[in-house]
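Below is one structure, written out as structure tokens, with a few remarks after it.
The values are calculated or read from the model by the stated rules, or taken from the named source; none is laboratory data. This structure is a prediction, so every number in the text was calculated from the model and none was measured. Every residue, glycine among them, receives a Cβ derived from its backbone with ideal geometry; neighbour counts consider all protein chains shown. The accessibility values were calculated without ligands, DNA or RNA, using every heavy atom of the protein model including side chains. Shrake-Rupley method; radii C 1.70, N 1.55, O 1.52, S 1.80 Å.
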Amino acid sequence: MSVVGVVCALFLLISFTPLTSHTTWSLATRGEAILATGSLPTTDVTQSLSQGLPVHETAWLSSIFWAIIARQSFEAITWATTILASISLITIAVSLWMRTRNSLFTGTGTLWFAIFAWGSLGLGSATLLVLPLWISLILLTLKDRWAPSIMTAIVQVAVIVLWANFDASVFVGVGFLVCVAIGNAVQLLVEHHFQSKPLLTDRRFQISLITAETAIVATLFTPLGTGLWTDLWQNFSVMGTLLDFVTPVGVCWVVLFVTIGILIAKRTDNRVLVEAGVVAVFGLLALLAADMIVWLGPLTALVLIPRLQQALSIGVDPIIAPAMEEADGKPPVLRFAYSLGAVLLIWIVFALSPLSGSLLGREPRAIGNLFKQEVPLAATAYLRKNPVEGRVFAPAIWGDLLRSDYGGQADVFATSSMKNLPQQAKYDYNRITRGESIWQEASQRYNIDALVVDKTTQTAMLETVREPNENWHVGFEDDRSLVLRRNGS
């Protein structure tokens, strides 16, 4: 019951999580372009200023998926997000229960995974689609960890092929398989006193090595081919956003390495060193690039939690003996009561969640409840009803929503794909955002007919554009945003 309660609470939290102003809209816009032309775009379709600069579409299946979902309604996006997130959550919980049969370790592992993963996920992101694939890859590897089979290797490669077409983050899965192959090699060398012949003839090493090599080749089975790795190489960076330790995620990261230390100190065989080593590699990468936390969460929960249970010599939950068992062999009354209570809890949580709206006949949620407060809904609605002929200058993270169908497909200066802009455009964007007085000159050069200002984060720019100007007027303003329009536009 405790595990069911944890999963239900997390499910309810996910189902009410509001949408952001990017990720979904950027993917949906790119997906609409693919569906319209029947081919992958070679330039950034979200920014007209990027035309002429080559761009690889490395998440074409994800883009198509979110474009189709976004066509339905905003509620459909929240449903899809909740369902995808819940699949990963339930898979983790069920897998941990099957491996530990202990509610404490199952609940702890599920919470650990949730803290690591969900804090770093954007709703409607490609990662939501590939996270179940990542979890499946880990489970397949653990299933035949010490007795690998050809069939498991084939399924692993199939997962990599699907992942490669969903998102370029497939390099994480390939890296994991390579780490496993290297770990097997090191362990076998130690066992055979660093003799190479037993290593080369060992079936475990052969299959893990062939799987890793085949997985690398499998990433080429995409419309991009080698272009997928070309894009990865061009955008590769060892350093990303550094992990902040004064956060729940940072505390979990510290606990993770304490756990690794306990496992190594209490190990009963060298297999623990291999598994802990693979997790430690991902943990160190997450220290340099916080985005890796999304991949570290499932790996930590599925690999280390069962090992921690063994190291601490904690067994499975005790089986409660019923006071009496029915003569006809039916399930014990007490056990049935627990099952009934779990089903009732699941139904209550489902009834409270937005997913039950169509089934129970509730009215859809108001649009203001679907988005985070920082999303400029009112300004977006204004621009959709009063379209601008020229270009719209807005914060890059707002550009995705303004460029989408909901935003009237405005020709925005920048979106969250700002890295694809020409260098001069990036430079001018930063200068205008900082509040420098070049905005009028830049508006002539880039054919900007409207400026959307974030009154919370762009205070310097707000002061600059508020200065009296006979060529511009305020078209819309609320507590969140200001829309300044060129006269006659």
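Rolling a 1.4 Å probe over the protein heavy atoms leaves SER136 with an accessible area of roughly 50 Å². Accessible area per residue was computed with a 1.4 Å probe on protein heavy atoms; LEU287 scores about 50 Å².
Working note: 222 nm ellipticity from helices only, DSSP H runs with n ≥ 4, each -39,500 (n - 2.57), summed and divided by the residues of the chain, gives -19000 deg cm²/dmol to the nearest 500.
Excluding VAL452 itself, what net charge comes from residues whose Cβ is under 11 Å from its Cβ, given Lys and Arg +1 and Asp and Glu -1?
Numbers: positive: LYS455, ARG480, ARG485; negative: ASP454, GLU477.
Taking every other residue near VAL452 into account, the sum is +1.
Coupling constants for segment 100-106 follow from the phi torsions by the Karplus curve (6.51 cos²θ - 1.76 cosθ + 1.60, θ = phi - 60°), and in residue order they are 10, 6, 9, 5, 5, 5, 5 Hz; glycine and proline get x.
Which order do THR17, THR457 take by accessible area at a 1.4 Å probe, largest first?
So the residues, ranked largest to smallest area, are THR457, THR17.
Please work out the average accessible area per residue across the chain, using the 1.4 Å probe convention, and give it in Å². Write out the running numbers ahead of the final one.
On the way: 23210 Å² over 489 residues.
Per residue, the chain has an accessible area of 47 Å².
Phi angles across segment 183-188 convert, under the Karplus curve 6.51 cos²θ - 1.76 cosθ + 1.60 with θ = phi - 60°, into 3J(HN,Hα) values of x, 4, 5, 5, 5, 5 Hz, Gly and Pro given as x. The phi-based Karplus calculation (6.51 cos²θ - 1.76 cosθ + 1.60; θ = phi - 60°) puts the 3J(HN,Hα) values of segment 207-215 at 5, 5, 5, 5, 4, 5, 5, 5, 4 Hz, whole numbers, x for Gly and Pro.
With viscosity 1.306 mPa s and temperature 10 °C, the Kirkwood radius over alpha carbon pairs of segment 217-277 converts through Stokes-Einstein to a diffusion coefficient of 104 µm²/s. Relative intensity of the chain on a log10 scale, I(q)/I(0) at q = 0.08, 0.10 Å⁻¹, equals -0.60, -0.88, per a Debye sum over C-alpha point scatterers of equal strength in the absence of solvent.
Carbon and sulfur together cover what percent of the accessible area of the chain at a 1.4 Å probe radius? Numbers along the way, then the final one.
Details: 14820 of 23210 Å².
Summing carbon and sulfur atoms, their accessible area is 64 percent of the total for the chain.
When a/c is below 1.5 the answer is rounded, else prolate if a/b is larger than b/c, else oblate, so apply that to segment 1-105 with a ≥ b ≥ c taken from the square roots of the Cα gyration tensor eigenvalues.
prolate
The P(r) of segment 371-456 has a tail past 15 Å containing 55 percent of all C-alpha pairs. Using r as the Cβ-Cβ distance of ARG384 and ILE438, and R0 as 22 Å, what FRET efficiency do you calculate, to the nearest 0.05? For R0 = 22 Å, the calculated efficiency reads 0.15. Scanning residues 5 or more positions from ARG101 or on other chains, none has an amide H under 5 Å from its amide H, with H placed 1.01 Å from N in the peptide plane.
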